[in-house]
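Input: a single structure, listed below in structure tokens.
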């Protein structure tokens, strides 16, 4: 599960193509790490005693060093937290409403989607307000992400390379809502989840757009049938 998440983090992180987008540093913990007194932290595991520096590179999905890979830093961490956290995360927020409305406008061939997405982006481009502006036409363009199956940081199998309708809007969903438990549903809705490859993922059948019903639930109710292809 952890290695899968590492690749997911890399997938979303790679979409932040503009460094002046403050969501990059607001979302990800990177570089040298310090304690509350300004002292640099030291490694305690496989890099014991070395200066603690989070790096972007994640060479393996099977094993990661304690410093490999940027970490999620989108939500405030309570002082004294260790392995577990009681931090609440948003389930539904207004920026998501604006993005969904923008998607509805695009899918029904109406104008105004760009203005809504621009409104969402303005918070992240305070130092360069002009960069926040996006148009309806831009949102209709393909995704900036290079889809394909990856080994050793190289795409070895491009897989399905069909353009994604409203792909730029899908990127906007990623930039704004990363770590808010929406991505799988977004990929399904945009027709990508069972069609394209990314990082360590290859398409594995359209039936995976729904989950299997747990055996315990089926055993408790003989009237239930397992979802197709999960038998």
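Counting only DSSP H runs of at least 4 residues, each contributing -39500 (n - 2.57), and dividing by the residue count of the chain, the helix-based mean residue ellipticity at 222 nm comes to -8500 deg cm²/dmol. In the elastic network of the chain, a GNM with C-alpha springs shorter than 10 Å, the most mobile of 155, 20, 217 is 217. Counted over the chain, the DSSP beta bridges are approximately 70% antiparallel.
Over the chain, what is the mean sequence separation of C-alpha contacts under 8 Å (at least six apart), divided by residue count, expressed as relative contact order in percent? It would help to have the intermediate numbers written out before the result.
On the way: 297 pairs, mean separation 34.8, N = 231.
Contact order relative to length: 15 percent.
Listed from fewest to most Cβ neighbours within 10 Å, the set 100, 30 follows the order 100, 30.
Taking 191, 111, 38 in turn, the Gaussian network model of the chain (Cα-Cα springs below 10 Å) assigns the largest fluctuation to 38. Calculate, in nm to one decimal, what residue 156 and residue 229 gain on full extension: separation in residues at 0.36 nm each, minus their alpha carbon distance. Taking residue 156 through residue 229 to full extension adds about 23.4 nm, to one decimal. Computed over the chain with a Gaussian network model linking Cα atoms closer than 10 Å, the most mobile of 29, 139, 41 is 41. From least to most packed, judged by other beta carbons within 10 angstrom and beginning with the fewest, 170, 177 follow the order 177, 170.
A straight chain from residue 93 to residue 218 at 0.36 nm per residue would run longer than the Cα-Cα distance by 41.5 nm.
Given 0.36 nm per residue, what is the gain on full extension from residue 194 to residue 39 after removing their alpha carbon distance, in nm?
Working: separation 155, 0.36 × 155 = 55.80 nm, distance 4.66 nm.
In short, 51.1 nm is gained.
We did not get these values from a lab; they are worked out from the coordinates using the rules stated. These figures come from a predicted structure and were not determined experimentally. Neighbour counts are summed over all protein chains in view; Cβ atoms, including those assigned to glycine, are modelled from backbone coordinates with ideal geometry.
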